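Report on one structure; see the data block that follows.
The values are calculated or read from the model by the stated rules, or taken from the named source; none is laboratory data. Worth saying up front: this structure is predicted, and the values here are computed from it rather than measured. Don't worry about glycine lacking a Cβ; one is built from the backbone with ideal geometry, like all the others, and counts go over all protein chains shown.
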Amino acid sequence: MRRKALLAILLALAGFAATVAISTVLLRREYRPPVASPAAGEEASPREQALAEIATEKAKSDREKPYVEADYRPFPRIGSRTAIWVVAQLHLLFAAFVLAVPLFALIIEYIGYRKRDPRYDRLAHEFTKLLSVSFSLTATFGAALTFMLVILYPRFTSYLVSVFSLTFLPYVLLFFLEAFFLYTYYYGWGKFSPRVHLALGLGLNLVGTAIMFIANAWLTFMTSPAGVSEHGALISTWEAVANFTWMPINVHRMIANVAFGGSVAAAYAAFKFLGATSDEDRAHYDWMGYIGNFVAICAFLPLPFAGYWLAKEIYAFSQTMGLQMMGGAFSWLFIIQAVLIGNLFLAANYYLWLGMGRIAGAGEFQKYIKYLLILIAVCFAVWATPRSILSTVAEIRAMGGSAHPALGFLGVMSAKNTAVNILILTTYLSFLLYRRTGKIATVSWARAGNRAQLAIFLVAASIVVFLGVYGYFVEARVRIAFSVPQVLSVLLAMVSVTVIDVFMFRHARSTGEARWGRIPAISQYVLIFIAVSFTWLMGLMGYVRSGLRQHWHVYGVVRDTSPDAFTPTLGYATRVVSATVLVFFLLIGFVFWLASLGGKKDWGSEAS
């Protein structure tokens, strides 16, 4: 056996040596060009001639290559449209926060100045701590959005620049003014007289609002263009700015920004409350969360009315776009919107009901909570009921159509307008009960005032319900017009009841002070839930506003011919919005953490 093994090894070595020898011989016989260059007059080899001709042709082609402007450029993996979508949404979310916080911070500071109460001044200062880093992130995402538009959509960006060139210089100047006012307002806290500091805050809000108005002109022009010819040539810059949807979106965004900013500020207070270690800090951040949520809900109540105005102007500009919004590809999206808004109403009321536990004597009003909850649940169910449901062929035949024979009546706008207005009245009633907790009116006309308030509520609710039912018996144009008196009756009721309540409880007798900080921890998670829902809702509505244009950059004027010229499906849109919201809260969590570092001791003092 050993001899056989040794013989096998020797044979293997001999085979390897033979292979090496054969390879060496073949390599030596391979053609190689001569080392020395050919002598003058001697022709080059065919290979060298071919290489020289290729190099000459390439150089000539490069010199004669004409300039061709690219219409679009691709973005890796996710596509150009989704990349712009995510960056633009993050920029708008931070911009909304930066625009909203100075507004209610200024109001709170003014209240503290008038009342000579340092608590309000500290609260306003606490809110503004969130601004500096948020402003930097807003500018960063704005710059990223600009660069990406220039790179990915060069021709379309060039067209927008040609239409709105006169607005860019004011925009840049206002941006520098906003930075000046913001940092002077924040770092000058306590360094200037109260009136000078309030003037700085007023300047910050005016400049920020002007910036938003200019940017909204660029956005709304894409949806409802004006001031240009049929072929897109500029006729009037002012008409391009003041297009059909410019002012409605200004009002809608102003209100939505305040609601969104208040909810995020309340989430910051909840974050601080949950990490607080002293009763004093818990009391302060409980009060801060209440104020932030109060601001958010006060702005949220009129927000649907601003949305109605915007939808009306979209219908007025293009009935095709309006029908696509409410009855076409986006109709099911509004069911998701109804679920989100219904959750916001439910969470806002739940927070107010939990807040009643801070005040002694809340039992007098807590017995009404179950009735309010039933009313909210019924209105929520009506609002979230679709007109047509997803059904099999057999189910459609059994129902006689895509609409349910009984529940289908709840899917039209008459029912939904009625439900949302009753929801708003119910939420306002919850706030009114919270406001009255721990107080007893001492005026002589208190009983008459209560009866007058009850009568106003009943009259407003009756008008809303009557017009909602009557809307089933009139044509669509009249039915849509009924939303105006419904809205006005609700607004008039809230204003009238508030005026009566303020005078009736001006010198009320207190049965117990609010014990700030004495509230279940679940209430803070409710505040965070409200902030996340607001953010998700803003992202979803941004998708609707942009998606309505379908395959147009500027509706009816500049067509989108890129590979991304399609309307994203609802499933894809919700995934993109969810990812954007997650990134936003990761970044805003970083902002919260940075803002909380200001109250901590220095590292050296902690070590000592």
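Computed values, structure above
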| item | result |
| --- | --- |
| Selection within the stretch 145-156 - crowded, with 16+ Cβ neighbours inside 10 Å and out of contact with any strand residue (DSSP E or B) (no Cβ under 6 Å at 6 or more places or on another chain) | 145, 148, 149, 152, 153 |
| Set 192, 168, 176, 180: member being touching a Leu at 6+ places or on another chain (Cβ under 8 Å) and loosely packed, with under 15 Cβ neighbours inside 10 Å | 192 |
| Which listed residue is farther than 16 Å from residue 436 by Cβ, out of contact with any Ser or Thr (no Cβ under 6 Å at 6 or more places or on another chain) and β-branched (Val, Ile, Thr), from 522, 500 | 522 |
| Residue check for residue 201: within 18 Å of residue 132 (Cα to Cα), under 18 Å from the mean Cα position of the chain (by Cα) and buried (at least 18 other Cβ atoms within 10 Å of the Cβ) | no |
| Matching option when the condition is part of a loop (DSSP other than H, G, I, E, B) and not aliphatic (A, V, I, L, M), among 248, 304, 225 | 225 |
| Helices (runs of 4 or more DSSP H) enclosed by the stretch 1-116 - at least 1 residues per element that are at pLDDT 75 or above, over 30 Å from residue 561 (Cβ atoms) and not aliphatic (A, V, I, L, M) | 46-64, 80-115 |
| Matching option when the condition is under 24 Å from residue 229 (Cα atoms), outside any loop (DSSP other than H, G, I, E, B) and out of contact with any helix residue (DSSP H, G or I) (no Cβ under 6 Å at 6 or more places or on another chain), among 160, 166 | 160 |
| Every pair of residues 6+ apart whose Cβ atoms lie under 8 Å, when the first sits in the stretch 326-341 and is at negative phi and in a helix (DSSP H, G or I) while the second is at pLDDT 80 or above and basic (Lys, Arg) | 338/416 |
| Residue match in the stretch 527-538 (condition: farther than 30 Å from residue 331 by Cβ and touching a residue at least 60 places away in the same chain (Cβ under 8 Å)) | yes |
| Count of the stretch 465-502 residues which are buried (at least 16 other Cβ atoms within 10 Å of the Cβ), in a helix (DSSP H, G or I) and touching a Leu at 6+ places or on another chain (Cβ under 8 Å) | 6 |
| Some residue of the stretch 577-584 being free of Cβ contacts under 8 Å to residues at least 24 places away in the same chain and part of a loop (DSSP other than H, G, I, E, B) | no |
| From the options 333, 323, residue that is of a type outside the set (Asp, Glu), closer than 26 Å to residue 481 by Cα and either surrounded by fewer than 17 Cβ atoms within 10 Å (Cβ to Cβ) or in contact with a Phe, Trp or Tyr (Cβ under 6 Å, 6 or more places away or on another chain) (or both) | 323 |
| Inter-residue pairs, beta-carbon under 8 Å, first within 21 Å of residue 262 (Cα to Cα) and in the stretch 107-121, second among the β-branched types (Val, Ile, Thr), 6+ apart | 108/291; 120/108; 120/111 |
| Test result for residue 224, farther than 23 Å from residue 105 by Cβ and either exposed (fewer than 12 other Cβ atoms within 10 Å of the Cβ) or free of Cβ contacts under 8 Å to residues at least 40 places away in the same chain (or both) | no |
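Residues checked against (1) closer than 23 Å to residue 530 by Cα; (2) aliphatic (A, V, I, L, M); (3) in contact with a Ser or Thr (Cβ under 9 Å, 6 or more places away or on another chain):
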| site | (1), (2), (3) |
| --- | --- |
| 326 | no, yes, no |
| 336 | yes, yes, yes |
| 353 | yes, no, yes |
| 365 | no, no, yes |
| 380 | yes, no, no |
